[in-house]
Amino acid sequence: MRKNSWGFGVRDMDASVRPQDDLYHHVNGGWLKKNPVPPHESRWGSFIMLRYDTEKKLRAIVSELQTKRGLKTGSPDQMVRDFYRSGLDMERRDALGIQPLAPLLLRIEKIKDVRALIRTFAYLEKIGGGTPWGVMVDQDMKNSEKYIIYLHQSGLGMPDRDYYLKDDAESVRVRTAYEKHLEAIFALMGKTNAEAKKDRAVVMRIETALAKVSMTKEDLRDVDKTYHKMRRSALARLAPAIDWDSFFKIIGAGGIREIIVMQPKFLAALGKMLAEEPLEDWKIYLTWHVVGGAAGFLSAQFERQNFAFYGTVLSGTKKMKPLWRRVLNVVNGSLDELLGKLYVQAYFSPDAKKKIVEVVEDLFKAYEARIRNLDWMSLATKRKALKKLHQMNRKLGYPDKWKSYRGLSVLPDDYFGNAIRTALFEHARIMRRLKKPVDRGEWFMSPQTVNAYCSFGLNDIVFPAAILQPPFFSTAADDALNYGAMGSVIGHEITHGFDDQGAKFDGKGNRKTWWTKEDRARFDKKARVLVKQFDRYVVADGLKVNGQLTLGENIADLGGASIAYDAYKLHLAKTERKGIDGFTPEQRFFFGLALFERENRRPEAEKTQVLTDPHSPGIYRINGPASNLPEFYEAFNVRKGDALYRDPKDRAKIW
C-alpha cells in the first residue's frame, strides 16, 4: 500500500466517485479495485492486513524460539516454543488421526444415565465447551464488586438459531451444507454412510430443538433480558433433571449459593429434553461436538473438513491459511499474555504509547463538552453522565500486571494435549475469581490483538498495542488521519459506555437506572432513527442489515466519529493548520475515518455477518455516520440531491 509522507495513499482513492455520494468508495475505491480478497481470506482490508502484519511479527518471535536449546521447562519461552512446535508437526498429527480423542470418546461411550451425562457436560465445560449450556464467571451486573457465575445457552453447531428455523435461501444453503458436514465428520470417524446419516439426523433433531428455545440474537444484546439471579434451590426447581450439585462441584464452584441464569426458558426446556431424549442420542450429540470442536487439532483430513464448512460455506474462503498461521492462532489464543509480553517488548514503542495518551485525553475533553452541550438531556442526568465519563478507566497498550502460567505443562509432541491442559489451566484461573475481589486491572484482550473493547462492568476502555499501528495510528502520520481513524475507534469505545445497553450502567459498572424517565425516552427515540436508517441498507443477495441487532455498534460509530472530530478540532487549535495535497484538515479527518473500514469481503462472509454480527458492513459504518454528521456536510459541501444527503430532521444525533 503506497503512502504519501502524511500516511495516506492518494492513488488508493477513486476520483470518479464523489465524496458527497459515497465517502467510502471515494476514499477507498482505487485500493478496492486493485486488491481482491486473497484465496486464504474471507475479507481483505486495513483491519485484516494489520492482523496479518501482526501475525508475521509473532511468527518471527516464535520462529526464533525454535532455534533455542536448553530452555528451562515451564519458562515462557519453552511453553511458547513447544506449543507451536507440536502444532507444526503434521506428520505426527496425521499418524495419530482421531486417537488423541480416544479417552473423551470412551468416556462418552460409557455414559449409563443422565447423572453421568451431566458429569461429562461438566468436564467438557472445563476443557472448552461443546455442551448445551455454558458457564462464565464475571462481575455481578448489579453488584460490580463481586464475581458470580452466569449460565448461558449454547450447544449449536451453526452460528445462530435462525439457520435451523428459517427457510429463506441463505438459511437453507447453510443448513444443507451443515448436514453434509456432519455426515463427513462422522464418516472420518469410521462410520458407514448409513450410520453417518442416522447420526446426522440425531444431531440435527437435538440442535433444532435447542434452537427453538434459544433466545434471539436481538434479545441477547439486552442486558435486562439476560439477568435472572436465583439461588441454587430455585435453579434445581427450574431444571430438576440436572444434577446441579455434581455439576458445580466438578467445575470448581461447589460452594456457590447464587447464580445468574441468562436464559431461564432455555434451561427449563433443556432440563425436560435431558429427561425425555434417549440417552444414546445425547451421546451421539456429544460425540459430534467433541470431534467437531477438536477437528483443528487433529489430522489434515479433519482440519480440511472443518474448514470446508466454517471457512468456505460460512465465509467463502477458498483456501485454508498456511499451517504456521493456523497453529500460531491457537498458541496466540492459549498463551495469549505470554506471547503478548514478547510482542510488546519487540514491537511497541514508548513513543507510540505517549502519543496515544495525548489523543485519548483530547477525546475525553471533547466528550465532556458534548455532554455539557446536549440539548435533549436534563441537567440531573448530565451530571451523572459526566461522573461516569470521569470514572472511565483507560487501558492502553498492555496490562500493568501480566498473567502467570506457572505450573502449566506444555510438551513439544502433544498438540491436542497442550490445548486441553491450557484450557484446564485457564478454567481453574477463572474459577478462582469466585474467591477473590474484582480485579479492575484485568484485561480481556491480549496486547497483540488488533481490536479494542469497552467493559460495562469495569467501566473501562481497552486499546491493545497491536491496533495502535499504521494505517490506523502512527507517530509519523498526519494527525488528521490519526484522529479520523484511531480517534474514531477510541470515541467508539467510549460511546459504548453510553450506547443503548452501556447507558444502563453507572460509573462503578453497576446496572442502575441513573437517567430520568424523560431523558431515557428521548434517548430511545433518537436511537430508533438509527434503527430505521440501517434497516434499509442492503448487502449480498438482497439481505438487509438488522438495525436493532447493530444498534449498539451504530450508536458507537456515530458517537465515535462525532467525538473524534471535536477532539481533532481541539488538537488543531494547538497546532499549525495546513492543507496537504489540496485537502483540508477536515477532509483528511474523514479520509482517516473511511480508511479504517477499507475492506473487500466475500458475499458469503457478508451474508453471515448481517445474519449474526452486531457490527454493520464496512461501507455502512462509514457512509451511515457521515450522512448524519453536519461536519461531513461542511467538509465536502454536501447539498440536497447528493446521495449521502439526509434532511436535517432525519439525521441521527445522540451523543
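The values are calculated or read from the model by the stated rules, or taken from the named source; none is laboratory data. On a predicted model such as this, the values are computed, not experimentally measured, just so you know. Every residue, glycine as well, gets a Cβ built from its backbone with ideal geometry; the counts of neighbours run over all protein chains shown.
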Residue check, Glu597 crowded, with 24+ Cβ neighbours inside 10 Å, of a type in the set (Asp, Glu), assigned by TED's automatic domain parsing to the domain that holds Ser46 and within 25 Å of the chain's Cα centre (by Cα): yes
Among the residues of region 191-217, which ones are surrounded by fewer than 15 Cβ atoms within 10 Å (Cβ to Cβ) and either in contact (Cβ under 8 Å) with a residue 24 or more places away in the chain or among the aromatic types (Phe, Trp, Tyr) (or both)? Arg205, Lys212, Thr216
Leading residue by the ranking (farthest from the chain's Cα centre (by Cα)) among those in region 46-75 that are closer than 26 Å to Asn451 by Cβ and small (Gly, Ala, Ser): Ser63
Residue match in region 395-406 (condition: over 23 Å from Lys126 (Cβ atoms) and basic (Lys, Arg)): yes
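Quick grid of which residues meet (1) crowded, with 21+ Cβ neighbours inside 10 Å; (2) over 30 Å from Thr513 (Cβ atoms); (3) aliphatic (A, V, I, L, M):
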residue	(1), (2), (3)
Gly130	yes, yes, no
His152	no, no, no
Tyr164	yes, yes, no
Asp167	no, yes, no
Thr176	no, yes, no
So, in region 372-386, of the ones that are out of contact with any Lys or Arg (no Cβ under 8 Å at 6 or more places or on another chain) and in contact (Cβ under 8 Å) with a residue 12 or more places away in the chain, which residue ends up surrounded by the most Cβ atoms within 10 Å (Cβ to Cβ)? Ala385
Checking Ala269, Ala236 in turn, the sole residue that is surrounded by fewer than 17 Cβ atoms within 10 Å (Cβ to Cβ), at pLDDT 95 or above and not charged (D, E, K, R) turns out to be Ala236
Do you know which residues across region 4-58 are in a loop (DSSP other than H, G, I, E, B) and within 21 Å of Lys318 (Cα to Cα)? Asn35, Pro36, Val37, Pro38, Pro39, His40, Glu41, Ser42
Being under 23 Å from the mean Cα position of the chain (by Cα) and part of a helix (DSSP H, G or I) is true for just one of Thr312, Thr317. Which residue is that? Thr312
Does region 230-247 contain any residue that is touching a Ser or Thr at 6+ places or on another chain (Cβ under 9 Å) and on the phi < 0 side of the Ramachandran plot? no
Within the bounds of region 621-632, is there any residue that is touching a strand residue (DSSP E or B) at 6+ places or on another chain (Cβ under 9 Å) and either surrounded by fewer than 16 Cβ atoms within 10 Å (Cβ to Cβ) or within 22 Å of Met49 (Cβ to Cβ) (or both)? no
Every listed condition ((1) in contact with a helix residue (DSSP H, G or I) (Cβ under 7 Å, 6 or more places away or on another chain); (2) within 29 Å of Leu458 (Cβ to Cβ)) holds for Arg161 save (2)
Residue selected from region 324-340 under the condition of a type in the set (Gly, Ala, Ser) and either in contact with a Ser or Thr (Cβ under 7 Å, 6 or more places away or on another chain) or touching a residue at least 60 places away in the same chain (Cβ under 8 Å) (or both), by the criterion farthest from Arg85 (Cα to Cα): Gly340
Members of region 576-602 found to be in contact (Cβ under 8 Å) with a residue 24 or more places away in the chain and not in a helix (DSSP H, G or I), listed by number: Ile580, Asp581, Thr584, Glu597, Arg598, Glu599, Asn600, Arg601, Arg602
Might you let me know whether region 431-446 holds any residue that is modelled with pLDDT of 95 or more and over 28 Å from Val223 (Cβ atoms)? no
Helices (runs of 4 or more DSSP H) within region 78-192 that include 3 or more residues in contact with a Pro (Cβ under 6 Å, 6 or more places away or on another chain): none
Out of curiosity, is Phe83 farther than 30 Å from Pro322 by Cα, surrounded by 19 or more Cβ atoms within 10 Å (Cβ to Cβ) and either hydrophobic (A, V, I, L, M, F, W, C) or not assigned by TED's automatic domain parsing to the domain that holds Thr513 (or both)? no
Every residue in region 534-550 that is in a helix (DSSP H, G or I) and crowded, with 22+ Cβ neighbours inside 10 Å, please. Phe534
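This table checks each residue for (1) over 21 Å from Ile494 (Cα atoms); (2) more than 24 Å from the chain's Cα centre (by Cα).
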position	(1), (2)
Ser378	no, yes
Leu386	no, yes
Gln391	no, yes
Pro412	yes, yes
Gly417	yes, yes
Glu426	yes, no
Met431	yes, no
Lys435	yes, yes
Identify the residue in region 387-431 that is surrounded by 15 or more Cβ atoms within 10 Å (Cβ to Cβ) and acidic (Asp, Glu) and, among all such residues, is farthest from Gly129 (Cα to Cα). Asp414
Pairs, first among the β-branched types (Val, Ile, Thr) in region 564-575, second part of a helix (DSSP H, G or I), C-beta under 8 Å, six or more apart: Thr575/Asp479
